[in-house]
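Enquirer: Sharing a structure below in structure tokens format, with a few things to ask.
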Amino acid sequence: MHNDLESILIAKEAIAAKVAELGQQISADYEGEELLAICVLKGAIIFTADLLRQLTVDVSLDSISISSYGHSTRSSGVVRFLKDLDESVEGRHLLVIEDIIDTGLTLKYLTENLWSRKPKSLKICTLLDKPSRRQVDLKPDYVGFNIPDRFVVGYGLDYAERYRQLPDVGILRPEVYGE
Ligand code: PRP
């Protein structure tokens, strides 16, 4: 385990099992359809890469970048649009893939923006959810794990751009982020 972690919250084996389960569920739900997966950069990169390899339906991949955190551990509520999609989403089945939903502000903003572009459908898949932190009404369609309100890193999730490469999801020691 990395020295900056207090403990492992979700081990890589449990993540892999859950990603396989989500992949089966999504493949069944979209059977016979074409899907456009939208990776919300950067945290969802690793989850997206693993999830896509578990899908048996036809899927295209695009990415979008909006950021609300910067180097802080708490959401500012300010959403910045950094990179738009490459593809048109009109008339397509969208699956927005996130690593974590916290306040819900980021996805509320993003999904409202995407709905305005007239997709056929739009669902949200997140590896991690912190429902206790929600500030807006936003319910993901597919959730890997509900987690407590602790600062987690690894498997794509960062603190100040570090720790994304860790294979497990772990709880960061509070002294690392100065609390
Ligand atoms: C994280 C995460 C979500 C958002 C969730 O992204 O990937 O997009 O915060 O928080 P919210 O529900 O409170 O809005 P972050 O801004 O840290 O960017 P990153 O994915 O590039 O690390």
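The values are calculated or read from the model by the stated rules, or taken from the named source; none is laboratory data. Computed from a prediction, not measured in an experiment: that's the story for all the values here. In this analysis, Cβ positions are derived from the backbone assuming ideal geometry, glycine residues included, and neighbour counts consider all displayed protein chains.
Enquirer: Look at Leu61 and say whether it is modelled with pLDDT of 95 or more and farther than 26 Å from Lys12 by Cβ.
Expert: No: the conditions fail for Leu61.
Enquirer: In addition: Counting only residues that are modelled with pLDDT of 95 or more and of a type in the set (Val, Ile, Thr), which one in segment 119-155 is nearest to Asp99 (Cα to Cα)?
Expert: Once the filter is applied, the top-ranked residue is Thr126.
Enquirer: Checking Leu166 against (1) near the ligand (Cβ under 10 Å from one of its atoms); (2) in contact with a strand residue (DSSP E or B) (Cβ under 7 Å, 6 or more places away or on another chain); (3) not small (Gly, Ala, Ser), which single condition isn't satisfied?
Expert: Of the numbered conditions (1) near the ligand (Cβ under 10 Å from one of its atoms); (2) in contact with a strand residue (DSSP E or B) (Cβ under 7 Å, 6 or more places away or on another chain); (3) not small (Gly, Ala, Ser), the odd one out for Leu166 is (1).
Enquirer: Which members of segment 89-103 meet the condition of being near the ligand (Cβ under 6 Å from one of its atoms), free of Cβ contacts under 8 Å to residues at least 40 places away in the same chain, of a type outside the set (Ser, Thr, Tyr) and farther than 11 Å from Pro140 by Cα?
Expert: Passing the criteria: only Asp102.
Enquirer: OK, next. Of the residues Ala17, Ala37, which is part of a helix (DSSP H, G or I), on the phi < 0 side of the Ramachandran plot and at pLDDT 95 or above?
Expert: Residue meeting the stated conditions: Ala17.
Enquirer: Now, a different point. Of the numbered conditions (1) touching a strand residue (DSSP E or B) at 6+ places or on another chain (Cβ under 8 Å); (2) modelled with pLDDT under 95, Tyr69 fails exactly one; give the number of that condition.
Expert: (1)
Enquirer: Could you list, in sequence order, all residues of segment 104-123 that are within 10 Å of the ligand (Cβ to nearest atom) and within 13 Å of Pro140 (Cβ to Cβ)?
Expert: Passing the criteria: Gly104, Thr106, Leu107, Lys108, Leu110.
Enquirer: Name the strands (runs of 3 or more DSSP E) wholly within segment 45-163 that hold at least 1 residues that are over 12 Å from the mean Cα position of the chain (by Cα), of a type outside the set (Phe, Trp, Tyr) and surrounded by fewer than 17 Cβ atoms within 10 Å (Cβ to Cβ)?
Expert: Output list reads 58-67, 80-83, 121-129, 142-146.
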